[in-house]
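Participant: Starting off with a structure, shown below.
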Amino acid sequence: MWSFSKISKLIDSWLSVNFSSTWTMVIEMVIAGIAVITLFALLGLVLVLMERRVAAWIQIRLGPNRVGPGGMLQSLADTLKLLVKEGMTPDGADKFLFNLAPFIAMIVAMLLMAPIAFASNFQLWDLNIGVLYVTAISSLMVISILMAGWASNNKYSLMGAMRSGAQIVSYELSAGLSIMSIVVLSGSLNLNEIIQSQADGWWLFKGHIPVVIAFIIFIIAVTAETNRAPFDLAEAESELTAGFHTEYSGMKFALFFLAEYINVFIVCAIGATLFLGGWMPFHIGHWQAFNHVMDFIPSSIWFFGKTFFLIFLIMWFRWTFPRLRIDQLLDLEWKYLLPISMFNILLITLMAILGWHF
Amino acid sequence: MGASSMIILIFAALTFSSIAILVSKIVTKATSNPQKGQPYECGIPTKGKTWTQLNVGYYLFALIFLIFDVELVFLFPWAVVVKKVGWMALVEIVIFFFILFMGFLYAHKKGALKWV
């Protein structure tokens, strides 16, 4: 049976036999870089196609089905189209910031990849404060959005960026509090240890109703944080044409688009790691035989399955709920989600101290 | 792979984006005319300056956000040791949340959370 950790160990041992230790490290770094770029490009293509197919499916239409078998190559064709479009900079724009913003968006999206465990023992950086790292880096996203909106010299862009700023910083709080509830239960900030603590069942099932509430708040908050409908006020098409990336075209727009989809993937991966056990197979307490059968499915399949299920959930929201108004959006966070999640974390603390979880 | 992965990732992001933008620069033909460089505001010429003061109805949110975000930072070390410390941790956090929540209610009563 193949697994990512075996492949990486194989490469590592082969390299260390044939090269000196310095060269081994350099070659491994290059391989990791290429692998991450490939993953990035692949995820972008897959997620854009998935979004369009899910949209079509929910609206009972066909969706892209002409390019390639079953429309599989549609997003590749779109990328080609974006590649041959002129990436222009408007005359009045702040040229340096305007061109810098997509790079920052990409760097932030890429940095978030570091602590995510894609399979058992397969992780770029097993750092002991993984949860803190993710919350810290993901809040940098707002800088690139504000930069893009400000530099465009366009009123729609500026308003989109301002809305997005208010939205992202507000929802960060309840997302952080619901993440914290899992940290309370597992007692660790290390993503790998959090996954290990779910070896006898995922927190969503072990933690009773408070964790389910935390999970629901987390999903709502990350939907808002990634600027997706019904919280896509930053780029509300009918009000602001395209919000902060109105003025972007060609490849610069594509980079923003890609970064946005990668962010969706990453928040879903974090949600899957914290609440659904990451790469941990579906285990039930002490049912040894059942757990053993589940272990036969490779851990990477578990991880990607859970992540894509959450992505599907977020796409589902987009075509189910109408867009909120900005004051409704902020009311939802400040008057409902934040007090609820504060109370919820106290409940979870009580649960953790009394040991009322499985 | 350790902390060097951050360098790899930043480098990978920069390479990926600059190659993408460079390739598109090479294969496209740039043209320019006065209309093309104008900001896109649905065909209507822009009135006044864009880089001006904007009434953000939620500037007070920024202040409250700051308080709660610092609270979140304080929660990180607390959350790790809750199980070891036991009841004392719960008591302390209840006091902490109570003070914070009183402030929140005060802000709410003063109308800071109202859309202006």
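Participant: Could you check, for the range A:85-96, whether at least one of its residues is more than 10 Å from chain B (Cβ to nearest Cβ), assigned to a helix (DSSP H, G or I) and at pLDDT 85 or above?
Facilitator: Yes, that holds for at least one residue.
Participant: Please work out which residue is surrounded by the fewest Cβ atoms within 10 Å (Cβ to Cβ), limiting yourself to the range A:103-119 and to residues that are within 8 Å of chain B (Cβ to nearest Cβ) and not small (Gly, Ala, Ser).
Facilitator: Taking the range A:103-119 first, the residues within 8 Å of chain B (Cβ to nearest Cβ) are A:103, A:106-107, A:109-111, A:113-114.
Subset that is not small (Gly, Ala, Ser): A:103, A:106-107, A:110-111, A:113.
Working: A:Phe103: 20, A:Met106: 25, A:Ile107: 22, A:Met110: 28, A:Leu111: 22, A:Met113: 25.
Top of the filtered list is A:Phe103.
Participant: Under the condition of being at pLDDT below 70 and not aromatic (Phe, Trp, Tyr), which residue from the range B:55-64 is surrounded by the fewest Cβ atoms within 10 Å (Cβ to Cβ)? Walk me through it before giving the result.
Facilitator: Taking the range B:55-64 as the starting set, the residues that turn out to be at pLDDT below 70 are B:55-59.
In the following step, the residues that additionally are not aromatic (Phe, Trp, Tyr) were identified as B:55-57.
Values: B:Asn55: 7, B:Val56: 15, B:Gly57: 14.
Once the filter is applied, the top-ranked residue is B:Asn55.
Participant: Return yes or no: is B:Ala79 surrounded by 14 or more Cβ atoms within 10 Å (Cβ to Cβ) and part of a loop (DSSP other than H, G, I, E, B)? Before the answer, list the steps.
Facilitator: Numbers: surrounded by 14 or more Cβ atoms within 10 Å (Cβ to Cβ): yes; part of a loop (DSSP other than H, G, I, E, B): no.
No: the conditions fail for B:Ala79.
Participant: Ok, one more. Here are the criteria: (1) under 24 Å from A:Leu233 (Cβ atoms); (2) out of contact with any Lys or Arg (no Cβ under 7 Å at 6 or more places or on another chain). Tell me which single one A:Ile116 does not satisfy.
Facilitator: Evaluating A:Ile116 over (1) under 24 Å from A:Leu233 (Cβ atoms); (2) out of contact with any Lys or Arg (no Cβ under 7 Å at 6 or more places or on another chain) leaves (1) as the failure.
Participant: Tell me the residue from A:Leu62, A:Leu100, A:Leu42 that is within 23 Å of the chain's Cα centre (by Cα), free of Cβ contacts under 8 Å to residues at least 60 places away in the same chain and loosely packed, with under 15 Cβ neighbours inside 10 Å, please. Explain how you work it out, then say what you get.
Facilitator: Working: A:Leu62 fails: within 23 Å of the chain's Cα centre (by Cα); A:Leu100 fails: loosely packed, with under 15 Cβ neighbours inside 10 Å.
Answer to the selection: A:Leu42.
Participant: While we're here: In the range A:65-78, how many are under 30 Å from B:Ile8 (Cα atoms), in a helix (DSSP H, G or I) and free of Cβ contacts under 8 Å to residues at least 24 places away in the same chain? Spell out how you get there, then give the answer.
Facilitator: Applying the first criterion (under 30 Å from B:Ile8 (Cα atoms)) to the range A:65-78 yields A:73, A:75-78.
If we keep only those that are in a helix (DSSP H, G or I) as well, we get A:75-78.
With the extra rule that they be free of Cβ contacts under 8 Å to residues at least 24 places away in the same chain, the set shrinks to A:77.
Residues in the range A:65-78 being under 30 Å from B:Ile8 (Cα atoms), in a helix (DSSP H, G or I) and free of Cβ contacts under 8 Å to residues at least 24 places away in the same chain: 1 in total.
Participant: Please specify each residue of the range B:16-37 satisfying the condition of being within 7 Å of chain A (Cβ to nearest Cβ) and polar (S, T, N, Q).
Facilitator: B:Ser17, B:Ser24, B:Thr28
Participant: Moving on. What do you reckon, is B:Trp87 at the interface with another protein chain (Cβ under 8 Å from one of its Cβ atoms) and either within 25 Å of A:Ser188 (Cβ to Cβ) or loosely packed, with under 12 Cβ neighbours inside 10 Å (or both)? Quick ask: steps written out before the conclusion?
Facilitator: Details: at the interface with another protein chain (Cβ under 8 Å from one of its Cβ atoms): yes; either within 25 Å of A:Ser188 (Cβ to Cβ) or loosely packed, with under 12 Cβ neighbours inside 10 Å (or both): yes.
In short, yes.
The values are calculated or read from the model by the stated rules, or taken from the named source; none is laboratory data. On a predicted model such as this, the values are computed, not experimentally measured, just so you know. Here the Cβ is made from the backbone with ideal geometry for all residues, glycine too, and neighbour counts use every protein chain on show.
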